[in-house]
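*Asks:* Have a look at this one.
Bear in mind that the values in this text are calculations on the coordinates, not laboratory data. Nothing here was measured: the structure is a model prediction, and the numbers come from that model. Neighbour counts run over all protein chains shown; Cβ positions are idealised from the backbone, glycine included.
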Amino acid sequence: MHEYTVDSGAYERWLAEHQDEFVVNAERSLNPDNLVLHRASCHTINGTPSRGTTWVGSYIKIVGTRHELETEHPTARPCRTCL
Ligand SMILES: [Zn+2]
């Protein structure tokens with residue numbers, strides 16, 4: 001499991017190599033009420049960021065296997081698009 005908090009490029013490189021793993025999109029504060037679990041292949045967390053030029057900033061990305069992420073962040077909600 002790894003957190004990407006500042007380097008959007010590193011996150012994008014991880015995504016490219018781990019499309020079968022999972023990502024939790026979280027507020028920088030890790031607010032437990034606003035965590036969303038995605039497949040790494042989900043289009044909402046891939047490609048061009050919908051807001052601005054970076055994937056990390058006010059939101060961060062926590063990556064790993066589904067089991068790791070669900071164990072560490074049990075309040076994460078499944079994304080309605082990919083899960
Ligand atoms: Zn998703």
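*Asks:* So, in segment 2-45, of the ones that are exposed (fewer than 15 other Cβ atoms within 10 Å of the Cβ) and under 16 Å from GLU68 (Cβ atoms), which residue ends up nearest to the chain's Cα centre (by Cα)?
*Replies:* So, considering only residues that are exposed (fewer than 15 other Cβ atoms within 10 Å of the Cβ) and under 16 Å from GLU68 (Cβ atoms), the one nearest to the chain's Cα centre (by Cα) is HIS2.
*Asks:* Now for a different question. Can you say whether ALA40 is hydrophobic (A, V, I, L, M, F, W, C) and without any contact (Cβ under 8 Å) to a residue 24 or more places away in the chain, as far as the supplied structure shows?
*Replies:* no
*Asks:* Follow-up question, since we're still on this one. Output the residues belonging to segment 38-83 that are within 20 Å of ALA10 (Cβ to Cβ), within 10 Å of the ligand (Cβ to nearest atom), in a loop (DSSP other than H, G, I, E, B) and hydrophobic (A, V, I, L, M, F, W, C).
*Replies:* Once the filter is applied, which keeps residues that are within 20 Å of ALA10 (Cβ to Cβ), within 10 Å of the ligand (Cβ to nearest atom), in a loop (DSSP other than H, G, I, E, B) and hydrophobic (A, V, I, L, M, F, W, C), segment 38-83 yields ALA40, CYS42.
*Asks:* Something else about it: Condition first: without any contact (Cβ under 8 Å) to a residue 24 or more places away in the chain and in contact with a strand residue (DSSP E or B) (Cβ under 6 Å, 6 or more places away or on another chain). Can you find one or more residues in segment 17-36 that meet it?
*Replies:* Yes: segment 17-36 contains one or more residues that are without any contact (Cβ under 8 Å) to a residue 24 or more places away in the chain and in contact with a strand residue (DSSP E or B) (Cβ under 6 Å, 6 or more places away or on another chain).
*Asks:* I need the full set of residues from segment 21-37 which are part of a loop (DSSP other than H, G, I, E, B) and within 14 Å of the ligand (Cβ to nearest atom), in order please.
*Replies:* Matches in segment 21-37: GLU21 only.
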